[in-house]
Amino acid sequence: MNLLLLSLCAARLQETAPDSIDKSKQSAILFISGECPTCAQVRRDYESVAAKYPGKLILVNCDSHKNYCASNKILTFPTIQSYYKDQVFTYMEEEYSEQSMTRFAEVIFGSIFIEVPNKETFHLAMEHNKIQQYFIYYGPSKTDGDELFSVFKGKMRVYFVLSDQQRLIAFRFNMTVVFKGEFVREQLTPFVYQQMENPFTKLNAENLQQLLQYNILCVFVHNSSVASHKAEGKWVKKLAYYHQEQQSFIGKWYNFGHIDVAKTDLKQILQLAKIKQVEQPYILVLNNKNQYAKMINNFDEIETFLEGVADGTLPMDKLSK
């Protein structure tokens, strides 16, 4: 029994001091906190994954290293991120199971592509595993594809099928979207990020900045404690899914998200946009030039409003500081 206990202790992943992390090598970091009720179980599953990748999975306790966690904008626990050069790869799945964390490690430390022999085998695997969001890349060379998609490594699940012609298809939540542009990074990047995101994303400080890199952001500002806001929220959500699926003018220009003022850490954004009370829901439009436009009521005119902002007909104000 004593030998067994010793072996279990030896296998336990030790907490790491940030200054001892070798930044020249890619690693994955699990950020935990003693105040997090699920972190203990996630840590145990993470340790099982770490045994398969010796020296590559790291554990940082943010109770002991608050400054490091704050500098990396770790706002919730648990969080898993991988850092390599100037890129940050964030674990995006809702559950923190050994299986899902293993998949993340496989993508981070392996090829971006999971190769499948043919489309039929692929679809059988998807149905069995009930995977809701993924991409299939058809191409003549897995190596060329790796180079083309390297910017998305760790952020997307891509299945590769050998083919003479290049094709990229996004499968998400019973919806299929085919990429129709040229296979160059400038055109792939906005398409892939748009498909990766929930069309109606719950916004936080991190994903807000990510979404603003590629599109204007249409934000539904509401208060979840007010029952009457739910109807407008369902309408905006339906609008977001429709325009992304159709790849319409609005779908190409906008990402959609929502801010719940009862729970958000983005109150500063609302204050800068001069939204002080949310007795009625707002539509707030933001861009990466620190500008905003907003509308209240008239939810049946949202599309006209969004088109006007995108084409410059409706002016945007500067966010105050």
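Miscellaneous remarks
- For the range 163-171, the criterion of being modelled with pLDDT under 80, in contact with a Phe, Trp or Tyr (Cβ under 8 Å, 6 or more places away or on another chain) and exposed (fewer than 15 other Cβ atoms within 10 Å of the Cβ) is met by none of the residues.
- Summed over the range 6-31, the residues that are surrounded by 12 or more Cβ atoms within 10 Å (Cβ to Cβ), at pLDDT below 85 and among the acidic types (Asp, Glu) give a count of 0.
- For the residues Tyr254, Tyr242, the requirement of being without any contact (Cβ under 8 Å) to a residue 40 or more places away in the chain, within 20 Å of Glu301 (Cα to Cα) and of a type in the set (Ser, Thr, Tyr) singles out Tyr242.
- The single condition among (1) surrounded by 19 or more Cβ atoms within 10 Å (Cβ to Cβ); (2) touching a strand residue (DSSP E or B) at 6+ places or on another chain (Cβ under 8 Å) that Ser224 does not satisfy is (1).
- The residues on offer are Ile283, Ile302, and the sole one that is β-branched (Val, Ile, Thr), on the phi < 0 side of the Ramachandran plot and part of a helix (DSSP H, G or I) is Ile302.
- Residue count, the range 241-280 (criterion: outside any loop (DSSP other than H, G, I, E, B), β-branched (Val, Ile, Thr) and under 16 Å from Asn207 (Cα atoms)): 2
- Residue match in the range 286-294 (condition: in a strand (DSSP E or B), in contact with a Phe, Trp or Tyr (Cβ under 7 Å, 6 or more places away or on another chain) and among the basic types (Lys, Arg)): yes
- Gly34 satisfies every condition listed in (1) at pLDDT 90 or above; (2) in a loop (DSSP other than H, G, I, E, B); (3) surrounded by 16 or more Cβ atoms within 10 Å (Cβ to Cβ) except (3).
- The sole residue among Lys56, Lys66 that is among the charged types (D, E, K, R), closer than 21 Å to Ala205 by Cα and at pLDDT 85 or above is Lys66.
- Residue match in the range 52-62 (condition: of a type in the set (A, V, I, L, M), in contact with a strand residue (DSSP E or B) (Cβ under 6 Å, 6 or more places away or on another chain) and assigned to a helix (DSSP H, G or I)): no
- Checking the stated criteria, Phe89 turns out to be at pLDDT below 90 and at negative phi.
- Residue in the range 220-237 that is closer than 24 Å to Gln187 by Cα and either modelled with pLDDT of 85 or more or hydroxyl-bearing (Ser, Thr, Tyr) (or both) present: no
- Residue within the range 104-119 that is part of a strand (DSSP E or B), within 16 Å of the chain's Cα centre (by Cα) and at pLDDT below 70 present: no
- Every pair of residues 6+ apart whose Cβ atoms lie under 6 Å, when the first sits in the range 59-76 and is under 10 Å from Ile32 (Cα atoms) and in the same structural domain as Asp22 (by TED's automatic domain parsing) while the second is of a type in the set (Gly, Ala, Ser) and surrounded by 14 or more Cβ atoms within 10 Å (Cβ to Cβ): Cys62/Ser33; Asp63/Ser33
- When the range 273-321 is limited to residues that are in contact (Cβ under 8 Å) with a residue 24 or more places away in the chain and aromatic (Phe, Trp, Tyr), the one that is surrounded by the most Cβ atoms within 10 Å (Cβ to Cβ) turns out to be Tyr292.
The values are calculated or read from the model by the stated rules, or taken from the named source; none is laboratory data. Here the structure is a predicted model, which means the values were calculated and not measured. Note: ideal-geometry Cβ built from the backbone for every residue, glycine included; neighbour counts use all protein chains shown.
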